[in-house]
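Presented below is the structure to which this report refers.
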Amino acid sequence: MRLLVLNGPNLNLLGTREPEIYGTDTLEDIERRIEGWAQTLGVEIETAQTNHEGVLVDHIQRTDVDGIVINPAGYSYTSRAITDAISAVATPVVEVHISNIKEREPWRADSLVTPVADYTIYGRGIVGYQHAMRHLVNSAAHPFETVAYGDNPDQVGDVRGGGDRLIILIHGGFWLGQWTRDTMESLAVDLGRAGFSTWNIEYRRLGGGGGWPGSFDDVLAALNHAPELGLAREGTTIVGHSAGAHMAMWAAQRAQPPVQRVVALAPVVDLGAHAISGGFASEVARELVGDGAPPIIGTGGVPTTLVHGSADRHVPIGHSEALADAEGLDLITVDSGHFDLLDPAREPWPVVKELLIG
């Protein structure tokens, strides 16, 4: 697989241009990291940067690449030529923005490229390029069908068929808009290889109708919609990560038909404690608790396994240890950080997969 990473106008000034927004990495630094990520993903990579609209169009029209990652920069808001080029080619395209364009000047929030790109990643810093490449690789490895469970654009999920047992994946990201279901795709692909079908759901997040109760209601609606997929012939399991695990445990207690089991990866089970911790996204936890979200999530009688890394710096393992004696709950402690649990190539995942295979 060969990927092309395109950077648009003024990105040649990265490192010196508004470092408080874009960071201190230069374009050369980023391209070196892209090359390293390409090796890890097992793909060929080419990078290019230009300040000229026509040159970007020429690159988009190339037929010798299997996927394009593009940061259109300022052209995101002005160039119909670039959007027409993306629409005219069959090559899958992922749009990337280093900064959180939804929280800057209002005119930046609406990119012309977003409606024609296959996926958009923003607000994650330069790691967004890695995630865009990963999305293209996962999409090629196991194609999916996006199925809606509601009328909002975020009320969808990606279905990958693979077997008679369905696993519903619920991503984390502390309910923040820039974190989306692509973070669970590698698990979906690996589970497909293991003979499972998966539904990797999206939900409304803060700023888009999510939080409490919106995000929670969406997850419950997705679980209740799952039988219509016709994939759960041998039962349904939910795998949630971080905030997604919190909602998975909440929704599993209310879903119809009943969920067979929940596997909660690095779960945020005590929003109340996190709200006063001063830790990662504690202000979000305060907002949700203030809006009425349940501060503590139990099992509600649904068989639940918590998998938590002893080196987790985002959600301390104490979240899971406090529930360790609850009825119907098992706790597995692994030697990992918060995001290691999302990488099938990392050591914790075989433990989780073996648990799912049963």
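Inspect all residues belonging to region 20-36 and state whether any of them is closer than 18 Å to residue 94 by Cβ, out of contact with any Lys or Arg (no Cβ under 8 Å at 6 or more places or on another chain) and assigned to a strand (DSSP E or B). Before the answer, list the steps.
Taking region 20-36 and keeping what is closer than 18 Å to residue 94 by Cβ, we get 30-31, 33-35.
When the remaining residues are screened for being out of contact with any Lys or Arg (no Cβ under 8 Å at 6 or more places or on another chain), the result is 30-31, 33-35.
Narrowing the set further to residues that are assigned to a strand (DSSP E or B) leaves none.
No, because not a single residue in region 20-36 is closer than 18 Å to residue 94 by Cβ, out of contact with any Lys or Arg (no Cβ under 8 Å at 6 or more places or on another chain) and assigned to a strand (DSSP E or B).
Which count do you get for residues in region 157-191 that are assigned to a strand (DSSP E or B) and closer than 17 Å to residue 94 by Cβ?
Just the residues of region 157-191 that are assigned to a strand (DSSP E or B), to begin with: 157-160, 165-170.
From the residues that got through so far, the ones that are closer than 17 Å to residue 94 by Cβ too are 158.
So the answer is 1.
Scanning region 338-354 for residues that are in contact with a Ser or Thr (Cβ under 6 Å, 6 or more places away or on another chain) and open to solvent by 30 Å² or more (accessible area, probe 1.4 Å) turns up just one, 344.
Yes or no, residue by residue, for (1) farther than 26 Å from residue 96 by Cβ; (2) crowded, with 18+ Cβ neighbours inside 10 Å; (3) within 14 Å of the chain's Cα centre (by Cα); (4) at pLDDT 95 or above:
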{"position": "141", "(1), (2), (3), (4)": "no, no, no, yes"}
{"position": "145", "(1), (2), (3), (4)": "no, no, no, yes"}
{"position": "151", "(1), (2), (3), (4)": "yes, no, no, yes"}
{"position": "165", "(1), (2), (3), (4)": "yes, yes, no, no"}
{"position": "169", "(1), (2), (3), (4)": "no, yes, yes, yes"}
{"position": "172", "(1), (2), (3), (4)": "no, yes, yes, yes"}
{"position": "181", "(1), (2), (3), (4)": "no, yes, yes, yes"}
{"position": "190", "(1), (2), (3), (4)": "no, yes, no, yes"}
{"position": "195", "(1), (2), (3), (4)": "yes, no, no, no"}
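Of all residue pairs spaced 6 or more apart or on separate chains, those with beta-carbon atoms under 8 Å, a first member in region 179-198 that is over 18 Å from residue 146 (Cβ atoms) and a second member that is aromatic (Phe, Trp, Tyr) and surrounded by fewer than 24 Cβ atoms within 10 Å (Cβ to Cβ) are 190/349.
Do you know which of the residues in region 199-217 that are in contact (Cβ under 8 Å) with a residue 60 or more places away in the chain and more than 16 Å from the chain's Cα centre (by Cα) is most open to solvent (accessible area, probe 1.4 Å)? Checked region 199-217; the qualifying residue most open to solvent (accessible area, probe 1.4 Å) is 207. Close Cβ contacts (under 7 Å, 6 or more residues apart or on different chains) running from residues in region 16-27 that are farther than 16 Å from residue 127 by Cα to residues that are outside any helix (DSSP H, G or I) and modelled with pLDDT of 75 or more comprise 17/10. Restricting attention to region 63-119 and to residues that are assigned to a strand (DSSP E or B) and either of a type in the set (Phe, Trp, Tyr) or in contact with a Phe, Trp or Tyr (Cβ under 7 Å, 6 or more places away or on another chain) (or both), the residue that is most open to solvent (accessible area, probe 1.4 Å) turns out to be 119. The selection criterion, being in contact with a His (Cβ under 7 Å, 6 or more places away or on another chain) and among the polar types (S, T, N, Q), holds for residue 183. Filtering region 101-114 to residues that are of a type outside the set (Ser, Thr, Tyr) and in contact with a strand residue (DSSP E or B) (Cβ under 6 Å, 6 or more places away or on another chain) leaves 101, 113. Within the option set 291, 335, 325, 330, being in contact with a Phe, Trp or Tyr (Cβ under 7 Å, 6 or more places away or on another chain), open to solvent by 40 Å² or more (accessible area, probe 1.4 Å) and farther than 16 Å from residue 179 by Cβ holds for one residue only, 291. If you go through region 55-97 and pick out every residue that is more than 22 Å from residue 31 (Cβ to Cβ) and small (Gly, Ala, Ser), you end up with 6. A count restricted to region 120-129 and to residues that are surrounded by fewer than 20 Cβ atoms within 10 Å (Cβ to Cβ) and among the small types (Gly, Ala, Ser) stands at 2.
Hey, among 228, 234, 287, which residue is within 24 Å of residue 146 (Cα to Cα), touching a residue at least 12 places away in the same chain (Cβ under 8 Å) and acidic (Asp, Glu)? Before you say what the answer is, go through the steps one by one.
Numbers: 228 fails: touching a residue at least 12 places away in the same chain (Cβ under 8 Å); 287 fails: within 24 Å of residue 146 (Cα to Cα).
Going through 228, 234, 287 in turn, just one is within 24 Å of residue 146 (Cα to Cα), touching a residue at least 12 places away in the same chain (Cβ under 8 Å) and acidic (Asp, Glu): 234.
Filtered by the rule that a residue be more than 25 Å from residue 138 (Cα to Cα), in contact (Cβ under 8 Å) with a residue 12 or more places away in the chain and loosely packed, with under 15 Cβ neighbours inside 10 Å, region 53-62 gives a lone residue, 54. Using the structure shown, decide if residue 308 is assigned to a helix (DSSP H, G or I) and either in contact (Cβ under 8 Å) with a residue 60 or more places away in the chain or open to solvent by less than 40 Å² (accessible area, probe 1.4 Å) (or both). Here the answer is no, as residue 308 does not meet what is asked. Once region 28-44 is narrowed to residues that are surrounded by 16 or more Cβ atoms within 10 Å (Cβ to Cβ) and closer than 19 Å to residue 98 by Cα, the residue that is nearest to the chain's Cα centre (by Cα) is 37.
For every residue, the table says whether it meets (1) within 24 Å of residue 166 (Cβ to Cβ); (2) at pLDDT 90 or above; (3) small (Gly, Ala, Ser).
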{"position": "293", "(1), (2), (3)": "no, yes, yes"}
{"position": "315", "(1), (2), (3)": "no, yes, no"}
{"position": "318", "(1), (2), (3)": "no, yes, yes"}
{"position": "325", "(1), (2), (3)": "no, no, no"}
{"position": "339", "(1), (2), (3)": "no, yes, no"}
{"position": "349", "(1), (2), (3)": "yes, yes, no"}
{"position": "354", "(1), (2), (3)": "yes, yes, no"}
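The values are calculated or read from the model by the stated rules, or taken from the named source; none is laboratory data. In this text the structure is predicted, and so the values were computed from the model without any measurement. Backbone-built Cβ (ideal geometry, glycine too); neighbour counts: all protein chains shown. These accessible areas exclude ligands, DNA and RNA; they are computed on the full protein's heavy atoms, side chains included. Shrake-Rupley method; radii C 1.70, N 1.55, O 1.52, S 1.80 Å.
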